[in-house]
Amino acid sequence: MSEESRNPVYVERMSVLFRMQHMLLIISLLVLAVTGFALMYHENRLAQALISLEGGVLYRGIIHRVAAVFLMAQLVYHAFYMLFSREGKRELNEVWLSRRDFDDFLQAMRYNLRMGNEYPRFGKYGYKEKFQYWGATTGVFLISVTGVILWAETFSMRFLPKFVLDLTLIIHGYQGLLIFVVLLFWHLYIVHLHPSVFPMNMAWLTGKVDAEWLREEHPLEYEKLKGEGIL
């Protein structure tokens, strides 16, 4: 057994503030999903049972709106954090999409189809993490904007034609469904159920990952940290 396997080295991947933001996002999205889908599919028996547990349609609406305000506050805070804090700027630079990410995606597709010999090498965030991040951010922004329009329906109808409100309702509902499905299946698999981390990547709780895992999954980040003397 090698020295590294007997004494694993751990590297911080998520700071305390990022872990807090991540946890609050999980809670608010789960509350919004349960309360929102219960209304969207209100004829379903399970949805009716959920609405009953929430105290009826009135209280369901209150819970949904409180969670929505909480989510929008997180979105605003996260935007300021990424744009103006030292750590946020560093993370934004890492997660920013570039031409290389699309090239990596195509290279990974060729490799999986046995049309290429080498899998792309990633830095701190590969194209999967970046696509998830920007997809989720765009989705949260859309459901926030459409949610505000629907919340202020009487006011919105003074300035917007009815078909816009109908379209807004569709976007709000199905955008929420899309985010839920993507987070539940794609994100859950990539982050926790993938063979390299199964049954769970503990970074969302501890903030740290094994350096050996980092070397295998994010070799460019590993080499960068090694060059900086962190590893």
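Read the figures in this text as sums done on the coordinates, not as results from a lab. Everything numeric in this text was worked out from a predicted model, so none of it was measured. Because the Cβ atoms are built from the backbone with ideal geometry, glycine has one as well, and the counts that use them run over all protein chains shown.
Tabulated results
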{"read-out": "Percent RCO, i.e. relative contact order, over region 136-182, from Cα pairs under 8 Å lying at least 6 residues apart", "value": "53 percent"}
{"read-out": "Estimated translational D of the chain in µm²/s (Stokes, Kirkwood radius over Cα pairs; 25 °C; 0.890 mPa s)", "value": "121 µm²/s"}
{"read-out": "Selection of trypsin sites (Lys or Arg not before Pro), region 62-166, meeting DSSP coil and at most 16 other Cβ within 10 Å", "value": "R114, R121, R158"}
{"read-out": "For the chain, the longest site-free run once GluC sites (Glu not before Pro) in DSSP loop states with at most 14 other Cβ atoms within 10 Å are removed", "value": "119-227"}
{"read-out": "Whole-Hz ³J(HN,Hα) from phi, Karplus 6.51 cos²θ - 1.76 cosθ + 1.60, for region 162-171, glycine and proline x", "value": "4, 5, 5, 5, 4, 5, 4, 4, 5, 4"}
{"read-out": "Within the chain, longest stretch clear of exposed chymotrypsin sites (Phe, Trp or Tyr not before Pro) (DSSP loop, no more than 12 other Cβ within 10 Å)", "value": "1-95"}
{"read-out": "Under-5 Å amide H pairs with Y10, H placed in peptide plane, nonlocal only", "value": "A211"}
{"read-out": "26 Å Cα-Cα reach of K224 towards lysines, excluding residues that sit fewer than 8 places from it in its own chain", "value": "K89, K124, K128, K130, K208"}
